[in-house]
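Notes to accompany the following structure.
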Amino acid sequence: MKVEFAPLNIPLARRLQTAAVLQWVLSFLLLAQVCIGIIVMLIIHNYWFLYIPYLTWLYFDWHTPEQGGRRSNWVRSWTVWKYFKDYFPIHLIKTQDLDPSHNYIFGFHPHGVLVAGAFGNFCTNYSDFKELFPGFTAYLHVLPFWFRCPLFREYLMSSGPVSVSKKSVSYVLSKEGGGNISVIVLGGAEESLDAHPGKFTLFIRQRKGFVKIALTHGAYLVPVFSFGENELFKQISNPEGSWLRTVQEKLQKIMGFALPLFHARGVFQYNFGLMPYRKAIHTVVGRPIPVHQTLHPTLEQIEELHQTYMEELRKLFEEHKGKYGIPEHKTLIFK
């Protein structure tokens with residue numbers, strides 16, 4: 001295999017963009033383990049004056065990720081996130097105005113490998129979110145697992161993510177006055193195992209909990225499709241029924257998160273590494289689906305709204321796929 005190296009005269013901006021994305025990738029792959037290791041080492045060496053106060057505070061702060069989190073405007077404004085956004089680059093596209101007197105659920109698709117589009121658009125101050133949706137606050141819901149990692153949870157919450165638990169989503173949608181958006185990556189960890197370039201497989205048919213919550217709170221539903229999300233990485237072939245997919249699915253059931261075996265480019269060469277490819281991401285926010293509050297929705301009501309949501313999601317994809325280089329014969333596959 002011929003290795004293609006990056007040229008030496010790369011502009012400074014592109015170098016900073018690469019460094020920003022490398023920092024982001026490593027933070028999700030290694031930082032949680034490093035933070036846990038720090039706590040373990042403090043305990044082993046009996047630095048009680050450091051770990052006892054923190055663990056005590058952690059005990060009382062445990063439910064914060066389910067109560068709106070603790071975002072930091074300073075962290076969200078770090079210059080590193082500007083370079084992160086420009087690396088791909090990431091774009092946010094609005095198709096229709098939203099009424100800030102309502103609360104909304106954004107169903108984000110697809111999951112991809114590391115959900116770069118969701119993070120770049122809803123967890124930093126360098127996206128066009130505030131300009132496109134003035135008066136709104138977005139909360140990206142992620143796996144509760146990440147908030148169980150000491151120290152790392154503080155770093156994660158500072159960017160704005162909160163838990164994806166039912167309690168957490170209900171907390172956001174219960175806020176009076178409207179203007180709150182729960183961004184939920186509906187395909188979840190399972191969908192990341194199908195995040196192959198050129199594929200559009202969405203795990204949505206059995207995901208109906210978000211519909212029930214929307215009905216219970218009267219939150220409008222909005223399908224969101226992030227074109228380019230699956231193009232950032234390549235995965236080792238893992239078709240359903242293969243030994244690799246079987247192992248991945250079993251690990252996902254045990255740990256609660258998936259382990260896709262992905263690769264892309266390196267920092268100094270383009271053939272292999274963990275850096276995502278420079279592929280543009282266009283996150284398109286679709287039309288809102290009005291939802292009338294129903295405190296005790298029936299199965300029929302949930303099923304009807306779920307079908308409407310899938311139809312609107314398919315329409316969104318079909319209306320915009322041609323703009324982003326997707327062949328006409330390509331369509332969404334719902335699982």
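Residues in the stretch 214-236 include at least one that is small (Gly, Ala, Ser), closer than 23 Å to His320 by Cα and assigned to a strand (DSSP E or B). Among the residues of the stretch 266-284, those that are open to solvent by 20 Å² or more (accessible area, probe 1.4 Å) and either outside any loop (DSSP other than H, G, I, E, B) or closer than 16 Å to Ala189 by Cα (or both) comprise Gln269, His282. Within the stretch 128-159, the set of residues being in contact with a strand residue (DSSP E or B) (Cβ under 6 Å, 6 or more places away or on another chain), in a loop (DSSP other than H, G, I, E, B) and either open to solvent by 10 Å² or more (accessible area, probe 1.4 Å) or within 30 Å of Gln252 (Cα to Cα) (or both) comprises Asp128 only. Beta carbons closer than 8 Å, at least 6 apart along the sequence or on distinct chains, pair a first residue in the stretch 296-323 that is within 26 Å of Thr283 (Cα to Cα) with a second that is in a helix (DSSP H, G or I) for Leu305/Val211; Leu305/Ala214; Leu305/Leu215; His306/Val211; Tyr309/Val211. Scanning the stretch 31-48 for residues that are farther than 16 Å from Phe147 by Cβ and part of a helix (DSSP H, G or I) turns up Val34, Gly37, Ile38, Val40, Met41, Leu42, Ile43, Ile44, Trp48. Of all residues in the stretch 76-111, count the ones that are outside any loop (DSSP other than H, G, I, E, B) and either open to solvent by less than 10 Å² (accessible area, probe 1.4 Å) or within 30 Å of Lys335 (Cβ to Cβ) (or both). Adding up the residues that qualify gives 14.
The values are calculated or read from the model by the stated rules, or taken from the named source; none is laboratory data. Computed from a predicted model, the values in this text were never measured in an experiment. In this analysis, Cβ positions are derived from the backbone assuming ideal geometry, glycine residues included, and neighbour counts consider all displayed protein chains. Accessible surface areas use protein heavy atoms only, side chains included; no ligands, DNA or RNA. Shrake-Rupley method; radii C 1.70, N 1.55, O 1.52, S 1.80 Å.
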